[in-house]
1. Name the residue, out of LYS132, LYS158, that is under 21 Å from ALA235 (Cα atoms), of a type outside the set (Val, Ile, Thr) and open to solvent by 40 Å² or more (accessible area, probe 1.4 Å).
2. Pull up the stretch 77-92, narrow it to residues that are farther than 25 Å from PHE236 by Cβ and touching a helix residue (DSSP H, G or I) at 6+ places or on another chain (Cβ under 9 Å), then point me to the one that is least open to solvent (accessible area, probe 1.4 Å).
3. Kindly indicate whether GLY174 is farther than 19 Å from ALA22 by Cβ, without any contact (Cβ under 8 Å) to a residue 12 or more places away in the chain and part of a loop (DSSP other than H, G, I, E, B).
4. Where residues in the stretch 178-206 are in a helix (DSSP H, G or I) and touching a helix residue (DSSP H, G or I) at 6+ places or on another chain (Cβ under 9 Å), which of them is farthest from SER218 (Cα to Cα)?
5. If ALA28 meets every condition in (1) in contact (Cβ under 8 Å) with a residue 60 or more places away in the chain; (2) among the small types (Gly, Ala, Ser); (3) closer than 19 Å to ALA242 by Cα apart from one, which number is that one?
6. If you take the residues in the stretch 212-250 that are without any contact (Cβ under 8 Å) to a residue 60 or more places away in the chain and open to solvent by less than 10 Å² (accessible area, probe 1.4 Å), which one is nearest to the chain's Cα centre (by Cα)?
7. Tally the residues that are closer than 15 Å to GLY117 by Cα and either hydrophobic (A, V, I, L, M, F, W, C) or in a loop (DSSP other than H, G, I, E, B) (or both), restricting the search to the stretch 49-79.
8. Just the residues that are farther than 11 Å from LEU127 by Cβ and more than 10 Å from the chain's Cα centre (by Cα), please, taken from the stretch 78-93.
Amino acid sequence: MQVDLSGLRALVTGSTKGIGRAVAHKLASCGAEVVINGRKAADVTAAIEAIRKAVPNAKLVPAPGDAATAAGCADIIKAAGDVDILVNNVGIFENKDAFEIPDADWERLFQTNVLSGVRFTRHYGPLMRAKKFGRVVFISSESGVQIPTDMIHYGFTKSADLALTRGFAQALAGTGVTVNAVLPGPTRTEGVEKMFAAAGQPLNPETERKFVTTERPSSILRRMTTPEEIAEVVAFVVSREAAALNGSPV
C-alpha cells in the first residue's frame, strides 16, 4: 500500500531495528521526513545509511537518545523538532517467571514501554492540536489483551499503552489529531530471534509453528508477522486518509 505522506515529518522512537526500523523505512518511502531514534548514535547512523540505500531520496534526521529516561526524551525532542506524526514504538521485552520479576524489572519495562510514550505525547499532543492536525500511534501488542504468562510485566505495559491511546484520543477529541494503537502479534524481529536463541531453539519454521500454537494460541494468524507487514498498517493509520480512525486498537 502506498500512501502520500509528503510534507509531513515523523518521529519513530526505537527505529534502528525491528518494527521501528521497518516503520521508518515505510514512512520514508511514502515521502515523509523521518526522525530516526535509538540509544546509540552509531546504530542511528547505520539505520539511516541502510534506509537511504533502499530509499535514495529519503529525508532522514538523526535523533539519538535513551527514550527510557526524561533527559533522553528531552534530547530526542530537541533533535527531532516539530513533527506531524509520532510513532511511540520503542519497547523492550523478556521472558521471566511470574513470581520472580523484581521491582527493578517492572520499573524498567514501565519506563521504556509506557512513560516514553507519555512524555512524547505530552509534548507533541498540544503542538499538533494547535496545528489542527497530527497522528499519534502507540505500538502496543496482542500481549496487552491476552497477557502472556511468561512475560506478565511486558503484557502489563502493553495494556497500559492501550489505556494511553484511548485517554489521549479523548483529550484531543475533535481537534484533527488522532491517537490509535497498533497491536502486533508475535513478530519475527531481531529481538525475537535472540529470545529463541537464548532458549536454545533457533527460530525456524518448526519452532515458530510450535511457539505460535502452544505459547501464543490466541494468535489467529497461526504464524509470526514480519516487521514490514506491521509497517504497512502503521503507514495507513498515520495517513491523511485515516482521519476517521481515532482512539482505536488496530
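1. Sole residue among the options that is under 21 Å from ALA235 (Cα atoms), of a type outside the set (Val, Ile, Thr) and open to solvent by 40 Å² or more (accessible area, probe 1.4 Å): LYS132.
2. ILE77
3. Considered against the rule, which asks whether it is farther than 19 Å from ALA22 by Cβ, without any contact (Cβ under 8 Å) to a residue 12 or more places away in the chain and part of a loop (DSSP other than H, G, I, E, B), GLY174 comes out as yes.
4. The residue in question is GLU190.
5. Unmet for ALA28, out of (1) in contact (Cβ under 8 Å) with a residue 60 or more places away in the chain; (2) among the small types (Gly, Ala, Ser); (3) closer than 19 Å to ALA242 by Cα: (1).
6. Residue satisfying both the conditions and the ranking: MET224.
7. Selection size over the stretch 49-79: 11.
8. Answer for the stretch 78-93, where residues must be farther than 11 Å from LEU127 by Cβ and more than 10 Å from the chain's Cα centre (by Cα): LYS78, ALA79, ALA80, ILE85, ILE92, PHE93.
The values are calculated or read from the model by the stated rules, or taken from the named source; none is laboratory data. The shown structure was predicted, so the numbers you read here are calculated from the model rather than taken from an experiment. Note: ideal-geometry Cβ built from the backbone for every residue, glycine included; neighbour counts use all protein chains shown. These accessible areas exclude ligands, DNA and RNA; they are computed on the full protein's heavy atoms, side chains included. Shrake-Rupley method; radii C 1.70, N 1.55, O 1.52, S 1.80 Å.
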